[in-house]
Structure formats: structure tokens, C-alpha cells
Amino acid sequence: MNQVQLPKTKKSHSELGFYIFIAALIAMISTGVVAWSIQLQNGLIMTNMRDVVSWGLYISLFAWFVGVSAGGLIVSSSAAVFKIKQWQPISKLANLLASVAIALAAFAILPDLGRPDRILNLFLYPNLQSPLIWDVTIIFTYLIISLVELGLMITADIAKEKGNESKYNSRERLVRGIAFVALPVAILTHSITAWIFGLQISRPLWNTALLAPIFLASALVSGLGLVILVCVLSNKFGAVKVERETISGLARLLGVIILVDLFLLASEYVTAVWPANPAEVSPLLVEFFGPYWWLAWTQWILAVVALALVAYPKTRGLAGAQLTAAVMVLLEVFFYRLELVIPGFVNPLVQYPPGTSVGTASATYNPLISGYNPGFSFQLSGSYFPSVIEWSIAIGLVAGAALLITLGIRYLPLSSPEKR
Amino acid sequence: MLVDLSRCVGCQSCAVGCKVENNEPLGIWWNRVLTVGGSEIDQPSGNFPNVLMHYLPLACQHCENAPCVKVCPVGATYKRQSDGVVLIDYDRCIGCRYCMAACPYGVRTFNWGNPQYSPGISFPVGQQGDHLDTDPTSGQNRRVYTPSRPKGVVEKCSFCVQRIDTGTEPFCIQVCPVGARVFGDLDNPSSKISTAIRNGNAQQLLPELGTNPKVFFIPPYQKKDVVPSSSNSPPSELSPSPLIISQAESQGGYIPNFKPAPGGVIVPPPAPPEATGSSQVEGE
């Protein structure tokens, strides 16, 4: 698919499409805002999280956003650190994606809090032992680095356009210097996000030293997925045009990292299953053959099909196949996050009848039942599926990311100067 | 705290007493009495007459190495310096529920919405008024008990901090009709609780996790003749072993009326010392 100048008539047509797209995103964001205000008013009772499965869609989405930010950074920093010429033209675009994803990750934690009004306590009384505090610190560092890098790249290009060679060179040196810091910070971001889960002895599914490597690999998978997705879409509709070879190169890299990710996962499964310790095996049974079987199977099918699409040379070059693979890996990693969070909670370590009290008069929110039914207030094993409010907020957050990316591509000078 | 599982009759008095004393809203139970046996409450495992069942009252274990304290990002959950009781500051908790994910015992509970009470009860039962804990170093007052729960914060057993700070025992101790619970100073080797822990071969819950809980359990009686036998005769009457009686009497202490089961029977059973090396595979 060779990209040439779009005909003039199509231009106005796509202009209308652009506004419809923006309007749709804003509608989704508004729905999310309304949902969140309802949740703020009534409390987290509006979600389907309860005392047994006490984390759900919000935390999964947070971890997913953190992961998605990886691709942007690996592309933009690697372009600078390892001097990968091919990636230079998309390094600004990639940096925009990293900035947006990490900002939304920070935002996604807010609806999960029971007391968002006390968010400042994180800065007033930080407990330095808590991986959550490490994560807050590293995410803010990462966000600032990405934004500064993006700003420097853009001003460097502007200087080059104006013919100010010395300013361009100094800016480029700065970008390279920051990239050297950004790469380890990115690796730490994913590791620390993994350690939020992985350090917990209470959840055998999470408590593995492999979790940080798995998070890093899956972050790169979803991150590259987003870069490919945005590159293909921008080629068709947006202002930034990306060469075909660059995208196929990214797709090839994606294939390699999917393999690494699946290898790490499989290694984790074997280590959990072979000793046959019930505490280790039970969450895997939950996610493969239990009530949440659709999580793990969907993840694996998506991963394997996406791998096939990018591994087979004929499909790897096709925009349609690239787009499909990109969407699939983004979903795959999202499913992996859900699969980590929900089955991790389903069977508590101390599990005897009548089970754990759920914290509310009934286990699932039902506006029709306001009374107390003791039969619903204990769960021996947890059950969870996000409520409408949770989905609305989650979709609003994803739409927010899409809106920021779309506007960024349209209004920020992200193309290389020689291309413009 | 010590719970003698060989005495516990599963009457749920401590669970209900706790709920009343601490004015726990609907759906919130700081203290639960679990049935270890069959798949339902009060149901044994096995086939009659060879059946097995005991109760496990479960509340906060007040761990020495408490995962909840370590993960709390804002220090709202903290272990009190003076006595090691793990408390929650209702005014500082941000409701992230990381502590609930970190607790291996599943004893933390969250105020998902505005607290609800049984219809017709419009006043706090049990303890009236807030209880403040003063930090000895900063002098800061922290609200560690309140009958009117804020929405969106985590709560759990506090060893009835409002009672122990005024010199009374936790309410579950007082309401237990069979005297299965003992509360006292673990640092004092001659206290009633320390004596009973030694004599009763008391164990901690999930000791392999290294949390070092400050709640101990004296193992329940385990029948020796679980192997099917031809006779339907009931098991012989049990009594404390002569060793325990003599030890307890010489120390003037508490005499648990049970025979400690060799190897322990609390579920999950602690790993025998020689198997420690291999049991650490978990989570690697």
C-alpha cells in the first residue's frame, strides 16, 4: 500500500470523519465522567468489586496503560541510544504515545480509590516501603521525561527548519542524553508495576520472580502494538506518514517479543503446575478451566494469531494484517492483566465455609434489592465481572487516550522536517 | 491472643459480639468463625462415624511482619510501637485496598458504600464515640475507632483498641462461653497466654509465610481412629497429657483440656522442620 497524496475531494470527506470521530470520543469520555460522578456519590458499591475480589477492571486498566506506554519509549529511546536510523522519523510520534499512555495510567488509578479526596496523602505521608509509592514516583518521573523529550524533539526540528544548526545540534545531544536515562526508567516503571503484585506472598499467582520480566515483555508487546496501530491509522487518516518498511520492521520485532512473552508465561505455568502445590495450581485452574476460562484462552489465541500474522512475511507487510495484529496484541495484554488480577483473588489462602464477608449487604450491586440478605454477604470463592459503571469509566479512559493521541497527531509537528 | 480450638464450639458468639461491640455495618465481619471440615458451615468431612470437623475463628492476626503495614502507601495502617497491635487510621486511608490484596488471611474489609445497618437501628450499638491513638513520637492523634464509618476506607479487627486502651479485654474474650480465648502479654513469659501457648503447642496460621502472627491457635483434638474400624464405639475420653498438667500446675498457669495432636492439625499444617528447605519452592 503505497501512500500518495490523498485526492482533494476525499480530504473534505475525511475532515467530516475526523469531527465525527472526535465527537464520538468526547461522548464516550462524557459517559465516563457521568459514571464516575455516580460512583463518587454512592461509593465503590457501584462497582462489582467486593471484599474477596477487591481489585478489578480499574487496576487491570492501570497496569495495561503502564504497559502500553512501553512501546513509545522503546522506539524513541532506542532510536537515540542505539542510533536506529529507521525509527528516527517516528520517534516523536512514539514519544507522544508514551506520554499519553503513562498520563492515563496515573489517571486510571483515581476511580479505583475509595477516597480520591485524600489523594494528597500520597505526598504528605508517603510510606517508602510501599511498592505503590515507588510506582507513583517512577510514573511521574517517566511522564516528565517523556514530555521533556517530546518537547526537545519538537523544538530541535523547529530549529532545523529555521536553519539554526547549532541549536539543533545541542537539542539533539540533549535528546540523546535523556534517552539514556529514559530507557532504564522505563524498565523500572514496568518492573515496579509488576512488583506491586509480585511481592505479595498472599497471592501465589502473583508471587513469582518472573512477574517483572513478564510485565516488561507484555508491556513491549502492547506498546509496540499501539505504535503499529497508530502508524497504520495515521498513514491512512492522519498527518504523520510512516514508511512501509518501518512498520514491517516494528511488526517483526513485535513477533520476537510475543515469543519471549509467551515463553516466560509458559515457564511460569510449568513452575506452578509441576510441584502441584494447590495454592499455586488453583488460580491457574480458575483462569484456564474455571469460571474465568475465557480470560486465558482468549489471551493465548489472540497472542498466537497475532504472532502468526507478523511472522508470516506475506501478511507482515499488509496494512490490514498489521492493524489486526496490533489490535489483537493490545487486547491480548489487556486480557493478561485481567487474568492476573481476578483469578489472583478468587480463592483466598484461608478458604473455609462460610467464606469471606463481602463488605456489603449483597455481593453484586442491585438497585432493586436494598435490604439485607445474609445469604449474599459471604463468598467462599470470589466472583467478579465489571459493572456498567466500571465499563463506562474504563471506556472513557481509553477514549481519553485516543482523543489526546488524535489531537496530538493533528496539531503537533510530529513529522520529520525533511518530510514536510 | 490465643484461641484454643479444642475448646471452640463454633457458637459464633465472638463473631456476633465483635459485630455489636464495634458497630460493624451490614456485610462487614471483622471476626468470622469458619468451619474446617466439609463444604458447608457446621458440616464435617468424612463418613459417619469417622467424621472430622473443627472451627477456626478468624480475625486480624496482628502480624509482627505485617504485609498490610508494608504495602500501605500512606501509612494509614500501622503497627503500634507500644504493643504491636495493627491499627487503621480512618482519617488517613485513601481506600486503595492494597492492604486487602496483601493480607494472606483475608481479614480486611472495605466500606464499599455508605454503611448500612439493619432496618430500624438508627443508633450505634456497642462502643459509643471515637477512640484516638496518640503517636508517642509525633504526638499526633489518630482516629483508630469510630462507630460511624466513613465511606471508602478499609477496616478490620483492632483487638478492640478502644477497650484494651482502657484496661478491658477485647470483647470476643469476654463473650466466649467456653473460655477458648486468652488475651495477654506475649512478651511476659509467665503470663497466662505465654504459658498456655507453650503448654498447648500453639501454632500460628500460615506460618510458612513468615508474617509471624500474634494470634495463636491451640490445635483442635484430632481423632486417632480415622481409619475405618469395625466397631462403632465412640473415641475414648480425652484428657490433657500428664506432662502438660504438671507443667501447667508448676507454673500456676492455664490448663488446656485437650491432648495436643502430634505434628499439629491446624490447616494448613505447618511444614515439619526438616522439610523447610523443600517447602520454599512456592513462589519461586
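Rule-based calculations on the coordinates, nothing more; no lab input. No experiment lies behind these values; they were computed from the predicted model shown. Here the Cβ positions follow ideal geometry from the backbone for every residue, glycine too, while neighbour counts run over all protein chains shown.
Computed values, structure above
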read-out	value
Residues whose placed amide H lies under 5 Å from that of B:F216, excluding near-sequence neighbours	B:L2, B:V3
Phi to ³J(HN,Hα) by Karplus 6.51 cos²θ - 1.76 cosθ + 1.60 over the stretch B:83-96, Hz, x for Gly, Pro	10, x, 6, 8, 10, 10, 8, 5, 8, 10, 3, 9, x, 7
When the convex hull of its Cα atoms is projected in every direction, mean area for the stretch B:54-164 (nm²)	8.3
³J(HN,Hα) computed for each position of the stretch B:47-63 - Karplus, 6.51 cos²θ - 1.76 cosθ + 1.60, integer Hz, glycine/proline x	10, 4, x, 8, 10, 9, 6, 8, 9, 9, x, 10, 9, 3, 8, 6, 4
Contact order relative to length of the stretch A:12-106, as percent, for alpha carbon pairs under 8 angstrom and 6 or more apart	24
q = 0.14 Å⁻¹: log10 I(q)/I(0) that the Debye formula gives for chain A, counting C-alpha atoms only	-1.34
Given A:K160/A:K314; A:K167/A:K236; A:K83/B:K70; A:K160/A:K236; A:K83/A:K167, the pairs whose alpha carbons are separated by over 30 Å	A:K160/A:K314; A:K167/A:K236; A:K83/B:K70
Packing-based exposure ordering (other Cβ within 10 Å, fewest first) of B:E24, B:E208	B:E208, B:E24
